[in-house]
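Here the structure is laid out as structure tokens; the discussion comes afterwards.
The values are calculated or read from the model by the stated rules, or taken from the named source; none is laboratory data. The structure displayed is predicted, hence computed values, not measured ones. When we count neighbours, we look across all protein chains shown, and the Cβ atoms used for this are built from the backbone with ideal geometry, even at glycine.
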Amino acid sequence: MTVHQKSAYTLGELAEILGVPYRGDPAIVIRGVGPLEAAEPDRLSFLANAKYASMVPRSRAGAIVVEPSLADTMDRPLLLSERPYLTMARAAQLFHRLPPLNDGVHETAFVAEGVELGPEVRVGPLVHLGSGSRIGARTRVYGSAYIGCGVSVGEDCLIYPGVYILDGCRIGDRVIVHSGTVIGSDGYGFAQDEQGRHVKIPQSGIVQIDDDVEIGANCTVDRATFGKTWIQRGTKIDNLVQLAHNVVVGEHSLLVAQVGIAGSTRLGRHVVLGGQVGVVGHIELGDAVRVGAQSGVAHSVEPGKDLIGSPAVEHRQWFRTHANIQRLPRMKNQIRELQKRVAELEGYLKQLRPQAEEDEVHESND
Amino acid sequence: MTVHQKSAYTLGELAEILGVPYRGDPAIVIRGVGPLEAAEPDRLSFLANAKYASMVPRSRAGAIVVEPSLADTMDRPLLLSERPYLTMARAAQLFHRLPPLNDGVHETAFVAEGVELGPEVRVGPLVHLGSGSRIGARTRVYGSAYIGCGVSVGEDCLIYPGVYILDGCRIGDRVIVHSGTVIGSDGYGFAQDEQGRHVKIPQSGIVQIDDDVEIGANCTVDRATFGKTWIQRGTKIDNLVQLAHNVVVGEHSLLVAQVGIAGSTRLGRHVVLGGQVGVVGHIELGDAVRVGAQSGVAHSVEPGKDLIGSPAVEHRQWFRTHANIQRLPRMKNQIRELQKRVAELEGYLKQLRPQAEEDEVHESND
Amino acid sequence: MTVHQKSAYTLGELAEILGVPYRGDPAIVIRGVGPLEAAEPDRLSFLANAKYASMVPRSRAGAIVVEPSLADTMDRPLLLSERPYLTMARAAQLFHRLPPLNDGVHETAFVAEGVELGPEVRVGPLVHLGSGSRIGARTRVYGSAYIGCGVSVGEDCLIYPGVYILDGCRIGDRVIVHSGTVIGSDGYGFAQDEQGRHVKIPQSGIVQIDDDVEIGANCTVDRATFGKTWIQRGTKIDNLVQLAHNVVVGEHSLLVAQVGIAGSTRLGRHVVLGGQVGVVGHIELGDAVRVGAQSGVAHSVEPGKDLIGSPAVEHRQWFRTHANIQRLPRMKNQIRELQKRVAELEGYLKQLRPQAEEDEVHESND
């Protein structure tokens, strides 16, 4: 996220920083952002979807981000953007303040031998920094977070309270990890012995998380058996997501809350998994695959496919199957009607048949 | 919960405190509660369901809570209640002891500047109390819990070990939060840029939790983008539940374990969601809606409806569809039989037809 | 897990320790294990599945564990085992190093009155050991873990950072609990009062975890209402699993990630539940029951059954039903064709009928 610079900007300054044209008085002072219905006169708001345009006249917002095509219909201060939602996100980052944290290393933190801290690193109360761990410049490790031995965390990261990054894991730059998330727990691997007991396979790999990844709260990312479990650049993960050992998640993917991905499965770039989706182990989901909420993916998927259902199938097939199931009562009635009609035909022909058979007899007698 | 007062009560005292009639010797001493099959003679037990009445004679319990209608069938000390389970719950609260905790603030806790503590607040070892946080009278913050900056927690709350209540969130009175739960993590919100990268939308709202709410272990409740994520009075939430940003859960609702609710969805009062239910974002579930376990709710639901399935439909429809699916093998057979009968008819008519056609020829020749 | 002894073994030593025959030079030095495709010449690798035999010639591994039947096809150092995967697991344990931890009790740990520590116990920084807790010999409690009052933990356990074992719970020997897991949170139990409010039923039982159990990260195991929630010997549990109050999990069972089991349900021995499975409360799953991922089990299950689906049914039934659903489009076409053929028959008979009726008339006039 963009580092916070000021608590107020003029409309003209915002237009310049955000790289978009504006309408109205450039001296208007903006001190934050807010939704149309609640924004005060010193706030910037936005219209992401033209169907909510009727809310604009009632909004008290000091300025509004809108698509250029709508500019002429609105006689008030505007920022013009082809992507109002994106421009709004960037504006909000300008005003956003990170949760406060002490400068330097808090006196109640435990810092082991051989820890390396970059410039302007902040480490909160009751934090654990294991031996040989390295924390990059300006990264914030909030109170009660845990960094294990030999962990490396890049620059400008936010490690929230109660995050556990276990021994040997590697975190890139500008990574955000939310509270309660565990990175580097053992993968789930056992070999059965002669008596059916489960013998642990030690998990000696690590987790690698690349730049610009964000991971939500109370997630679990297991370390690899060998090698690494790997979350690639720009991927954003919601809360309570489970990534098993040796999983690879490609760049710029989105994993919504409560997703679970089993061991050694690989996701391509720009994959989107809806909430509560499950993916079995040892398969591949191609680039830009999208899977609907609660689906269960049991086979590898070609790039670009949209899947849904448990077991998941392509959208079109799911809707066809679903429509067919809804059509079952009608099919039942159609069968019943056919049974009636066929019975009538049979009954009628039974009447005919004796005569016909008689005819046949006569014929054969001819 | 009722504060613990004594370690033993007589049957007569219990009857008075609980507001129910009793049978038997009022001087019988009761020192706790227990199930019928395991209760010792100094324990109170209960019969919540008449179908287990056969267990009563074998129970060693000193007294039993039963429905008044069953009283005459049982010649032993009783408490009579139209709601034995409720009366038992209240009795159990009388005997229940909270997990022990030091008086005052433990010396290993971190207490920032400007923290306000009400009378009889207890703060355990290694707790983090952020700057400007306020803790109401008699609230207990157990060891290793984390209270962020500017958080307010009401009176008589129980904040268990390893709870994370992040900056600015507001907790009412008599709220219980179990270990590992995160309140106030960032909502999951991103805008896509021109290159398909996900740009973070700062989450500047809070979480508000009203009086008498209980939240289980390892849940996640995200802060709002703007405004608040809101859990209303009396709602009880099980473990590993995910509530996204700007969700509102109405009063006295029940969310069973592993439920996930997506952003901005609103639940009414007395809603019940079974385990592992998923609810999409931006919809409304009316008062008293009940959803069966593992269901997926994709559309707004009228008050009072019972839903089940993924996608969830009304109970009746689900059972009808399900019955139809079970009927498929029979339908398949019916179709096969019809095909056979129709083929027979056709075959028979083929025999007829040449003659009939001959007849026609004759006729036309007539 | 086997305690680490040395950092290098000869092939002959490994064969003796693991109790398997070998081929090749017994003096070959092995310093670790690795997969076929990545193992260096000082590593032991393994071929668990004959279908990957083509990878063996390219592998640089110093020795390979293979089935005896394959030995003659491979002219290189080997360990021969009927269960290569199991032998590999045991070899890997020989080389595995536990995450480092200080000797003794770290000075920043909180240790309450009356704590008993066995010989060679290690307690990390910022750990909480509640009053009256007992930790068995050689057990490691890593930094920031929380052990409540009156908890007992056996010998040779690994309690990872951020584990919460709450008051009164009992943990056996050689138990491993991963970060973020909560053991002993309150069960989810409420009685409804006259106004529809939920009155808490105090949860006064405990959790008991027997020897050789392993529990993943961010799991929740609720304490019993009365008595105990119980995980029996040798069971292995993945991440984010929810076990409700009074659940019993039998010996040597496997619960994959994100499973949820509702209150008072009992699982037999050697039960296997796939990822995201849900099981309702108050039922029994017999020994060796296996349930496919994402299934929902709503009824008790006989020993040895394989189930799948939501609601879960036996494998065979599920595949039949599923096949029938896939056959729906064909059934629809068959019905349509039957309708056409019956209509043709009817049309043809309509032609016949007037004549036939005429015939009848003639006949009756005869």
* To do: Report the residue count in the range A:312-366 for those that are modelled with pLDDT under 90 and of a type in the set (S, T, N, Q).
  => 7
* Residues of the range B:227-262 that turn out to be within 12 Å of residue A:257 (Cβ to Cβ), out of contact with any Cys (no Cβ under 6 Å at 6 or more places or on another chain) and not small (Gly, Ala, Ser), as a count -> 8
* Which numbered condition residue A:88 misses (of (1) more than 14 Å from chain B (Cβ to nearest Cβ); (2) closer than 30 Å to residue A:23 by Cβ) -> (1)
* Asked: Assuming residue A:273 fulfils every condition listed in (1) surrounded by fewer than 24 Cβ atoms within 10 Å (Cβ to Cβ); (2) touching a strand residue (DSSP E or B) at 6+ places or on another chain (Cβ under 7 Å); (3) more than 9 Å from chain B (Cβ to nearest Cβ) apart from one, which condition is it?
  -> (1)
* Of the residues in the range A:134-172, how many are of a type in the set (Gly, Ala, Ser) and under 19 Å from residue C:218 (Cβ atoms)? -> 4
* If we scan the range A:332-346, do we find a residue that is touching an Asp or Glu at 6+ places or on another chain (Cβ under 7 Å) and among the aliphatic types (A, V, I, L, M)? -> yes
* Out of (1) more than 30 Å from the chain's Cα centre (by Cα); (2) part of a loop (DSSP other than H, G, I, E, B); (3) small (Gly, Ala, Ser); (4) surrounded by 14 or more Cβ atoms within 10 Å (Cβ to Cβ), what's the single condition that is false for residue B:39? -> (1)
* Name the residues in the range C:193-204 that are more than 7 Å from chain B (Cβ to nearest Cβ) and farther than 23 Å from residue B:145 by Cβ, would you? -> C:194, C:195
* To do: Select from the range A:316-326 the residues that are over 14 Å from residue B:311 (Cα atoms) and surrounded by fewer than 17 Cβ atoms within 10 Å (Cβ to Cβ) and write down the one among them that is nearest to the other protein chains (Cβ to nearest Cβ).
  => A:320
* Asked: Do the conditions hold for residue A:240, that is, is it out of contact with any helix residue (DSSP H, G or I) (no Cβ under 6 Å at 6 or more places or on another chain), part of a strand (DSSP E or B) and either facing chain B (nearest Cβ under 9 Å) or under 24 Å from residue B:188 (Cβ atoms) (or both)?
  -> no
* Asked: Just wondering, is there one or more residues in the range C:144-163 that are more than 14 Å from chain B (Cβ to nearest Cβ) and buried (at least 24 other Cβ atoms within 10 Å of the Cβ)?
  -> yes
* Asked: How many residues are assigned to a loop (DSSP other than H, G, I, E, B), within 18 Å of residue B:81 (Cα to Cα) and either of a type outside the set (S, T, N, Q) or outside the structural domain of residue B:15 (by TED's automatic domain parsing) (or both) if we restrict to the range B:47-59?
  -> 3
* Filter the range A:56-72 down to residues that are out of contact with any strand residue (DSSP E or B) (no Cβ under 7 Å at 6 or more places or on another chain) and surrounded by 14 or more Cβ atoms within 10 Å (Cβ to Cβ), then give me how many there are. => 3
* Out of the range C:155-175, which residues are within 22 Å of residue B:178 (Cα to Cα) and among the β-branched types (Val, Ile, Thr)? -> C:159, C:163, C:165, C:171
* Asked: Does residue C:167 fit the bill of being surrounded by fewer than 24 Cβ atoms within 10 Å (Cβ to Cβ) and closer than 29 Å to residue B:89 by Cβ?
  -> yes
* Do we have residue B:88 as outside the structural domain of residue B:125 (by TED's automatic domain parsing) and more than 30 Å from residue C:166 (Cα to Cα) here? -> no
* Residue check, residue B:44 within 14 Å of chain C (Cβ to nearest Cβ), part of a strand (DSSP E or B) and surrounded by 14 or more Cβ atoms within 10 Å (Cβ to Cβ) -> yes
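Among the residues in the range C:42-56, are any closer than 30 Å to residue C:134 by Cα, modelled with pLDDT of 95 or more, within 29 Å of the chain's Cα centre (by Cα) and not charged (D, E, K, R)?
no
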* Asked: Restricting attention to the range C:4-22, does a residue exist that is over 30 Å from the mean Cα position of the chain (by Cα), farther than 30 Å from residue C:100 by Cα and crowded, with 16+ Cβ neighbours inside 10 Å?
  -> yes
* Asked: So which residues in the range A:73-85 are within 14 Å of chain B (Cβ to nearest Cβ) and either in a strand (DSSP E or B) or surrounded by 14 or more Cβ atoms within 10 Å (Cβ to Cβ) (or both)?
  -> A:81, A:83, A:84, A:85
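What is the residue count in the range B:60-72 for residues that are more than 18 Å from residue B:7 (Cβ to Cβ) and either assigned to a loop (DSSP other than H, G, I, E, B) or of a type in the set (Phe, Trp, Tyr) (or both)?
Total meeting the criteria: 2.
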* Asked: Which pairs have Cβ atoms under 8 Å, sit 6 or more apart or on different chains, and link a residue in the range C:5-18 that is assigned by TED's automatic domain parsing to the domain that holds residue C:78 to one that is of a type in the set (S, T, N, Q) and buried (at least 19 other Cβ atoms within 10 Å of the Cβ)?
  -> C:18/C:81; C:18/C:87
* Pairs under 9 Å by beta carbon, first residue under 12 Å from residue C:175 (Cα atoms) in the range C:138-161, partner in a loop (DSSP other than H, G, I, E, B) and basic (Lys, Arg), six or more apart or different chains? -> C:154/C:174; C:155/C:138; C:155/C:174; C:156/C:138; C:156/C:174; C:157/C:138; C:157/C:174; C:158/C:174
